[in-house]
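Participant: First, the structure itself, so that you have it in front of you.
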Amino acid sequence: MATAGANKRIAKELNEITREPPSGMKVRLVDESNVHKWEIIMDGPASSPYEGGHFKLLLTLPIEYPFKPPILSFQTKIYHPNVSNDDKGSMCLGMLRSDEWKPPNKILAVLNMARNLLVEPNAEDAIETSIAEQYRGDRKAFEKTAKEWTKKYANAK
Amino acid sequence: MAFEPSQEEMAEMQKLSNDYEPEVTGPLVSELLPSSAITTEYANADPVYQRKTAALPHKYSHYRTCRGDGHCGWRAVAFSYYEALYNTGNKSKFYSEEARLRSLGNLLNQVGFPEHLYEDFAIEAFQLLQETAVAMENNDGGAKLLAAFNDESLSMSIITYLKLLTSAYIQTHPDEYSPYMNHGQSVQNYCQSSIEPVMSEIEHVGMSALVEVLVKPAGMAMEILYLDRSQGEEVNTYRWDPVDGTGITVSDPSTLRLLYRPGHYDILYKMEPLPQSAIAQPQQQPPVFVALANAIDSHIPQTIGFSDYAIPGLSFVSPPSLGWSSMTTSTPLYPSAQSPCYDFAPTATPIAAIPAPAPSSNLVSMPQHHANSSGSSAEVGSHVHTHGHSEIHADLNAHGSTHTHALAHSQSHSSHPHTTTYAHTPATMALPPDFLVSGMQPEIPQTPPVGLSLGTPSGLAIDRGGPFRPSAWELKPNFSAAGLGGVPLQTAIFRNSHYNTAHFNNPDFQPEEWSPETELPVHERPRKKSAH
């Protein structure tokens, strides 16, 4: 029953998102039989150093969803203060924190937050502190590296 | 210099700390357990806890544990709310509550929760209401609720719904809650950071708002018993009482009880309903009349006891006795204390028995009455005998022969506020109890029993064979015991009935002061009067 309730909500959200996908994103299930893993292709927002890149994200919905937050990770490497620079590429801040998560939050809101973070990184709440340092102190250098990584890993033309 | 972790290491440790979740076990909501288990649990704790937990099982026989997973307070309220609904045994209560909760959608919308955000949770809450109502038919609602609340997802949905309601309530009542915010934090901010997040346990502000929005409007009271290290022999209790539409506290509500130990809530049970009704009843006059038809109710011996005498006296036979009782009760209205008695005294058995309050004491006690009494007493004073008496008699006779209550009521009402009350009381005696209750209620001031303590001392003292000063409470059981075996028209009865300040003829409660000096003169006077 626990999963039934959660699945119902997830199915509903998936339905909403696929019917009206947020701009610059493509959403699909990794595996049609599992609604708990979503694959998102996010386009780098215009006028950000990530412009032109296509970032693959994995959204994992815990079995307790919506009473535990979804887990969002960048599968495409990205140079960003809020995304861990390792093989996980995890993004965990704000509403995604387990102590700040609110069940009424929707996946759409999570994806929009991620996209906004690409436009405007949150250096105050960074997971990669050295990148955050650079973002604050030397914006040019930061943008240069971010662009390079985008070109290198995110298929920017 | 001591080792200082780098910023990364600190962040990592912080993250580990944030992500740490203690292993929690046990059912989300447990079966009913005897609360002596709590005592056992604290047997080796410090003395304060030992004392407090030792006292607990005497009053609260059972409890349920809630899993300490950071939601226990919310869950405890939610569960006990559903359970209290179920315990009303009234199926329609579930439907009316569902309708009420649905209407709270406005509140949620008002603070910016669109329906699509909360509907999933609300639906679960409503569904459980419906399902429990259905389960009630099969008498397995209790099991249904326990199973539902042990379903993590369902239980969390309901909690989430309640959090949203709570948040909406706080945000729509900023004046009430902003004083409790720290450092000028806005109520919105508080709700977003301390109510809505899934991992936020209920705090006092949240509890108070939840009680306001969920518990009280359902006509239920909430008690939280704080088991902590504070001074005292028993747990401290904080109580919220529901009020009805007119702002009057609902009497004898079903009560949700939580046991709070720092950081954790469990659900506590008291064996209902004895203590509740015992507390509520003495304050209400109507039940006194209801009791006329029935046997003695030990809760309020004084009034009931009197009634037992009064019925035969009033409704069957002797008009004199009627007149006597109505007059004597109205005595204090008239400054000339001796007069009311003497007309009736002869018929009303031994004269010494008829206690006439000393004038002085009347005057003294008057200001304590009803506001009317002092005013009208002056006016009425002159025609007390004629008018007051005859009217009462007329009424009484009429009652004997199916005079309607309403008539007697209005008739007497028009002339004197006071005689009204007295006159119509006998009338109501002849009527069915339920009628009395409805009819009398607005008329009789709900006087608390504080003024009871003193009566006419003379008769009493004699009766008991010793001039000690009786308190009403002390007196009543004695009195009612005597009444049971006695013949209705005995001396003692009249004394006692007259003495009884909770007398139905005496809605204003006439506390009289007994002073030993005046005792004798008071005695003498009626004697003389009646003799002539």
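Participant: Which whole number gives the average count of other chain Cβ atoms within 10 Å of the Cβ atoms across peptide A:54-67?
Facilitator: That works out to 2 on average.
Participant: Just checking the output field for B:155-168: average partner chain Cβ neighbours within 10 Å of each residue's Cβ?
Facilitator: 2
Participant: Follow-up question, since we're still on this one. Compute the relative contact order of region B:4-73 as a whole-number percentage, counting only Cα pairs closer than 8 Å that sit 6 or more residues apart in sequence.
Facilitator: 39
Participant: Shifting gears a bit: Can you give me the accessible area per residue for region B:25-272, using a 1.4 Å probe, in Å²?
Facilitator: The answer is 41 Å² per residue.
Participant: Too long at a 28 Å Cα-Cα cut-off: which of B:LYS52/B:LYS93; A:LYS68/B:LYS59; A:LYS106/A:LYS140; B:LYS91/B:LYS216?
Facilitator: From B:LYS52/B:LYS93; A:LYS68/B:LYS59; A:LYS106/A:LYS140; B:LYS91/B:LYS216, over 28 Å: B:LYS52/B:LYS93; A:LYS68/B:LYS59; A:LYS106/A:LYS140.
Participant: Helix A:2-19: angle to the longest alpha-carbon principal axis of chain A, degrees 0 to 90, nearest 10?
Facilitator: 60
Participant: Report the local net charge at B:LEU165: Lys and Arg +1, Asp and Glu -1, summed over other residues whose C-beta lies under 12 Å from its C-beta.
Facilitator: +1
Participant: Using only Cα atoms, locate the centre of region B:62-104 and the centre of region B:207-241, then give the distance between them in Å, rounded to an integer.
Facilitator: 15
Participant: Below 10 angstrom from the Cβ of A:GLN75, what's the summed charge of the other residues (Lys, Arg +1; Asp, Glu -1)?
Facilitator: Value of the local net charge: +1.
Participant: Right, here's the next one. For the residue pair B:GLN110 and A:GLU51, what label-to-label distance in nm results when each label sits 7 Å from Cα along the Cα-to-beta-carbon direction?
Facilitator: 4.7
Participant: Residues of B:194-204, mean number of Cβ from any other protein chain within 10 Å of their own Cβ, rounded to a whole number?
Facilitator: For this peptide, the per-residue mean of nearby foreign Cβ atoms is 4.
Participant: How much accessible area per residue does region A:2-153 have, counting only protein heavy atoms and a probe of 1.4 Å, in square angstrom?
Facilitator: 48
Participant: Below 8 Å between Cα atoms, with a sequence gap of 6+, how large is the relative contact order for region B:25-272 in percent?
Facilitator: 26 percent.
Participant: Could you tell me the total accessible area buried at the B-A interface, probe 1.4 Å, in square angstrom to the nearest hundred?
Facilitator: Roughly 1800 Å².
Participant: In what sequence, highest mean first, do B:146-159, B:70-83 appear when ranked by Cβ atoms within 10 angstrom?
Facilitator: The most tightly packed comes first, giving B:70-83, B:146-159.
Participant: Ranking request for peptides B:189-198, B:243-252: highest mean number of other beta-carbon atoms within 10 Å first, then the rest in descending order.
Facilitator: B:189-198, B:243-252
Participant: Same structure, new question: Summing +1 for each Lys or Arg and -1 for each Asp or Glu, what net charge is found among the other residues whose Cβ lies under 11 Å from the Cβ of B:ALA122?
Facilitator: It works out to a net charge of -4.
Participant: List the relative contact order of chain A as a percent without decimals, with contacts defined as Cα pairs under 8 Å and 6+ residues apart.
Facilitator: 22
Participant: Got a number for carbon plus sulfur as a percent of region B:87-216's accessible area, 1.4 Å probe?
Facilitator: Roughly 47 percent of what the probe reaches on region B:87-216 is carbon or sulfur.
Participant: Another question, if that's okay. Rounded to the nearest 0.05, what FRET efficiency do B:VAL48 and A:ASP99 give with R0 = 25 Å and r taken as the Cβ-Cβ distance? Could you check?
Facilitator: Once the sixth-power term is evaluated, E becomes 0.15.
Participant: Out of A:THR129, A:THR18, A:THR60, any idea which swings most in a Gaussian network model of chain A, alpha carbons joined below 10 Å?
Facilitator: A:THR18
The values are calculated or read from the model by the stated rules, or taken from the named source; none is laboratory data. The structure presented is a predicted model; accordingly, all values stated were derived computationally and were not measured. Because the Cβ atoms are built from the backbone with ideal geometry, glycine has one as well, and the counts that use them run over all protein chains shown. Surface accessibility is based on the protein's heavy atoms, side chains included, excluding ligands, DNA and RNA. Shrake-Rupley method; radii C 1.70, N 1.55, O 1.52, S 1.80 Å.
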